[in-house]
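Structure record follows, encoded as structure tokens.
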Amino acid sequence: MIETTRPNPDSLLHLINQDKELTRKGRLKIFFGSSAGVGKTYAMLSEAKGLKEEDVDVIIGVVETHGRTETAKLVEGFERIELRKSDHKGIEIAEFDIEAALKRKPALILIDELAHTNAPNSRHLKRWQDVKELLDNGIDVYSTLNVQHLESVNDIITKTTGIEVKETVPDEIFDNAEDIELVDISSDELLKRLHQGKVYIAEGASTRAAENFFKKSNLVALREIALRRTVERVDAQMDLINSASGRNEAQIGEKILVCIGHDELASEVVRHARRMATRSKAELIALYIETSRHYRLSEKAKLNVERNLRFAERIGAKIVRISGSNASDEIIAYANKNGVTRIVIGCRGRRFTLNPFASNLSQDLISKSEGLEITAITQKNSKTKFSSLIPKSLSKPSNYLYSAIFVGLFTALCLPFKNLIDSDDFAMFYLVAVIFTAARYGVGSSIISSVLSVLAFNFFFTEPYYTFSVNNPKYYYTFAIMIITGMITGSLASKLSIQARQARKREEETAKLYELTKELSRIRGLENIADTSLEHIKGVFNVEPYVFFGNENEVRSFPDNSFYDLKEESVARWVIVNGKIAGKNTDTLPSARGLHLPLIAEQQILGVLCVIPKNEEEDFTLEQTSKLETFASIIASSFHRARKAEQAESSKVETESEKLRNLLLSSVSHDLRTPLASINGAASSLIMMKDRSGKDADDLLKSIHNQTARLSRLVTNLLDVTHLESGNIELNKQPYFIDELIGTSLVRVEELKGNREINILIEPDLPLVEVDGLLIEQVIINLLENAIRFTDENSGYIEIEATKQNDQIYLSIADNGKGIKKSEEEKIFEKFYTNKSGSQNTGLGLTICRGIISTHNGMIWAEQNDGGGTKFIFTLPVLTEAEMNEELE
């Protein structure tokens, strides 16, 4: 194989991955035509009929026959999904039922008229969005589409036919379809079908409009556009194949930047850029620059900006918003930084402006660009309303009043110094008033302030005083300079003021995001993270935020678990399943009260952030949505970290449990082996003995009894530890004297003590303690057995002492055995702890003691005995007089 034609392995792998992705998702085939009546629905049904005969699971989702007999016959024999009926303003509307389709989940579903607009309260605004969700759920779809409904050619269709088509489909849907089948007939044949009544004309369309649309010149133009768009689609597929073979790499990385404005020309510019991107297979970026002029726009103009940005996003462009002082500089800087090869911009011609030195943006870009292709789209017969040219600040009458007040205030301040300062110097004072007014109220107020300043200066400070006439003609030059200087400095001051406010706004937003990130980094637990996040969102937006956890079947809201809104919960379920934004101001479930954003981290959907405006009539702008997405990303990352921490903690617990289990098995097997071996040996000896009634037999039976008791105690200890650690133990508290409990315990260990000496020191008149007597006896017995086990039988010495200190009974048991090291005084209460010398294996006895004392609100510890050995001490609370009286009653 020649090196230059060898396929690129990375490209081939990418194509394979694409195929895998397609096999996971459904496949879309579009039957594409130049206009209504060419036979798209008939061709779709004919092909589906053949597949049905091959036992493919094909059903009809929605098919419009429009009364055509041939089409109606093809529909027969297909399973159909019942249309969902809804009421809108007293009119019953039948729409495609996407819920039923997803539940049925056929192999292939037929969806006619891809560009159709759904009825209000539907899940999606457009039918193509229903199709997209079906594809995402692995269902193949056949659909139909006319060329006039493609978004990128909508403006060309309008210019060609004179009729504006409202229902459009993003080119992304068309370009990503698995297959496009062009259904084509000649213009003469289509006109013939029209006259025969076989072409459906939408209800509401006037006969005149229909006649204009179906003129032969229009049909020829539409057919040409449809053929060209189909060829572009085929070229795009060939480019994918060629790029995989290492050919046609020249266009990889090409980017087109389209600049967004606030007028009607922007949509035309975006469509043109989209067609350019389609032809050259380039990435499309839509850029909007927020200069100081943006904040002087009217609310309607700002709304147009948002609408144009949303349109660019819908048509497949990547949206970018940046702030700057000079639009052309920011555009060139962004283009150079991001490898843009072409810039598309609207050119509106020379317009009236208050700034005589202002230049045209397209001219600026051409003069500043180096190596960039600049495409300017002009607009014919562009009429600009004069009102839109007036600065926003001039539309507020109160600003005029403030301008006059400030000029009057400065005049009043200067009048006392009228005879002390040269009159020409007062012009500088008025310049301060102009700058102050411009910074506070904008450029419009500065213009008014400049004019009023000249009039006040002339009236009060030039001879003859208190008239608007002058004796010295030089003052006319002074007046002109004052007005020009005031307007220029006022304009600059206004821009600087706006830029300062922009900078403060960005700084505040950055500080809030940083503060949220900082706080979330030190918080643990999903609900704590959610609570902190929602408080921050409340501080930034005028909304009521919620977080939904759960799955498509069951969700719970935070912080208000009683929050119940069936529609909001249904939106949250949809977002959890699909991982896409939905709700208010979106194309999915737009009738919801709130905007729902998925919380996604590392491709896992961890929840949904729902924000409901306090003013339900208020809409979310694209800028606000972008900020909320940033918040959602930060919250999702924190949720993911919290879950990872929980998983790590759970893994740690499981690891520790496994270690404990292994230790338990090892220790228990060791402890069980000794008594079992003794029992087995004694029983074997008894079996072998002929005379089982002698002294030896009695000793063996006694050994079996003792070892069985030891084994029973070990099993009892295991059960006791299980009960204590699970918290299932219930105390049977009764009043006891401590000496009574000590005496009972000594009787239980009488046989074990042997020759060891046990001394008892009990302080007289000790009060009662309210305890579970059997459990405290077990503590004393365990401590005595531990002392007996680790002291010599002949020289062993054990001392029991009970005293009262600060409403507590202190009971200590000391021995003169080998003792423990100071570093082991706490460790010996752990399960099966063995000291370093290996001389003391405490098993479970001390662990049980600590558990029992803790349940009695006491304390237990070990320390080195003064005379050698170990001393164990535990405390028990004594009964107060009131408690004793209650017990006696």
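The values are calculated or read from the model by the stated rules, or taken from the named source; none is laboratory data. No experiment lies behind these values; they were computed from the predicted model shown. FYI the Cβ positions are ideal-geometry reconstructions off the backbone, even for glycines, and counts take in every protein chain you see. What goes into the accessible areas is simple: the full protein's heavy atoms, side chains included, and nothing from ligands, DNA or RNA. Shrake-Rupley method; radii C 1.70, N 1.55, O 1.52, S 1.80 Å.
Give me the percent of the accessible area of the stretch 104-149 that comes from carbon and sulfur atoms, probe 1.4 Å, all protein chains in place. Show your work: numbers first, answer last.
Numbers: 620 of 1250 Å².
About 50 percent, which is the carbon plus sulfur part of the accessible surface.
Quick check: net charge around K644, other residues with Cβ under 13 Å of its Cβ, Lys/Arg +1 and Asp/Glu -1? Numbers along the way, then the final one.
Working: positive: R524, R641, R643, K652; negative: E602, E646, E649.
Neighbour charge sum, excluding K644 itself: +1.
Assign one of three labels to the stretch 64-120, namely rounded, prolate or oblate, based on the Cα gyration tensor with a ≥ b ≥ c the square roots of its eigenvalues; rounded applies when a/c is under 1.5, prolate when it is not and a/b is larger than b/c, and oblate otherwise. Could you put the intermediate results ahead of the total?
Numbers: a/c = 2.00, a/b = 1.23, b/c = 1.63.
Since a/c reaches 1.5 but b/c is at least a/b, the shape of the stretch 64-120 is classed as oblate.
Please report, in debye to the nearest 20, how large the charge dipole of the stretch 57-101 is about its Cα centre when each Lys and Arg carries +1 at its beta carbon and each Asp and Glu carries -1 there.
200
Pop out the carbon and sulfur fraction of the accessible area of the stretch 458-503 as a percent, whole number, probe 1.4 Å.
Numbers: 1890 of 2720 Å².
Ligands and nucleic acids excluded, carbon and sulfur reach 70 percent.
Between beta-carbons, use under 15 Å as the cut-off and find the net charge around T71, counting Lys and Arg +1, Asp and Glu -1.
Values: positive: K40, K49, R68, K73, R80, R193, K198; negative: E47, E64, E70, E76, D112, E113.
Residues close to T71 contribute a combined charge of +1.
Mind scanning K733/K818; K505/K614; K105/K584; K753/K804; K132/K166; K89/K132 and naming the pairs with a C-alpha gap bigger than 32 Å? Present the calculation step by step, with values, prior to reporting the outcome.
Values: K733/K818 36 Å; K505/K614 22 Å; K105/K584 28 Å; K753/K804 27 Å; K132/K166 20 Å; K89/K132 28 Å.
Check vs 32 Å cut-off fails for K733/K818.
Highest first, please rank the peptides 173-183, 458-468 by the mean number of other Cβ atoms sitting within 10 Å of their residues. Don't jump to the answer; show the numbers that get you there.
On the way: 173-183: 18.2, 458-468: 13.4.
Ranking, from highest mean packing down: 173-183, 458-468.
Please report the carbon-and-sulfur percent of the accessible area for the stretch 247-331; probe 1.4 Å, protein heavy atoms only, DNA, RNA and ligands left out. Before the final figure, lay out each step's value.
Values: 1650 of 3510 Å².
Carbon with sulfur: 47 percent of the solvent-accessible area.
Would you mind giving the three semi-axes, in whole Å and largest first, of the ellipsoid equivalent to the stretch 427-581 according to its Cα gyration tensor?
Each semi-axis is the square root of five times an eigenvalue, giving 62, 16, 12 Å.
For the peptides 751-759, 789-797, 106-114, what is the packing order when you average, over each peptide's residues, the other Cβ atoms within 10 Å and list the highest mean first?
Details: 751-759: 13.4, 789-797: 15.3, 106-114: 21.7.
Packing order, densest peptide first, comes out as 106-114, 789-797, 751-759.
Could you sort 275-288, 135-148, 92-105 so that the peptide with the highest average Cβ count within 10 Å comes first and the rest follow in order? All intermediate terms of the calculation are to be shown ahead of the outcome.
Numbers: 275-288: 20.2, 135-148: 22.1, 92-105: 15.6.
Packing proxy ranking, top to bottom: 135-148, 275-288, 92-105.
Around N615, with a cut-off of 13 angstrom between Cβ atoms, what is the net charge of the other residues, counting Lys and Arg +1 and Asp and Glu -1? Could the numbers behind the result be given before it?
Details: positive: K584, R593, K614; negative: E544, E616, E617, E618, D619.
After counting each charged neighbour, the total is -2.
How would the stretch 777-833 be classified by its alpha-carbon gyration tensor: rounded, prolate or oblate, with rounded meaning a/c under 1.5 and the a/b versus b/c comparison settling the rest?
Details: a/c = 1.74, a/b = 1.23, b/c = 1.42.
The shape class here is oblate.
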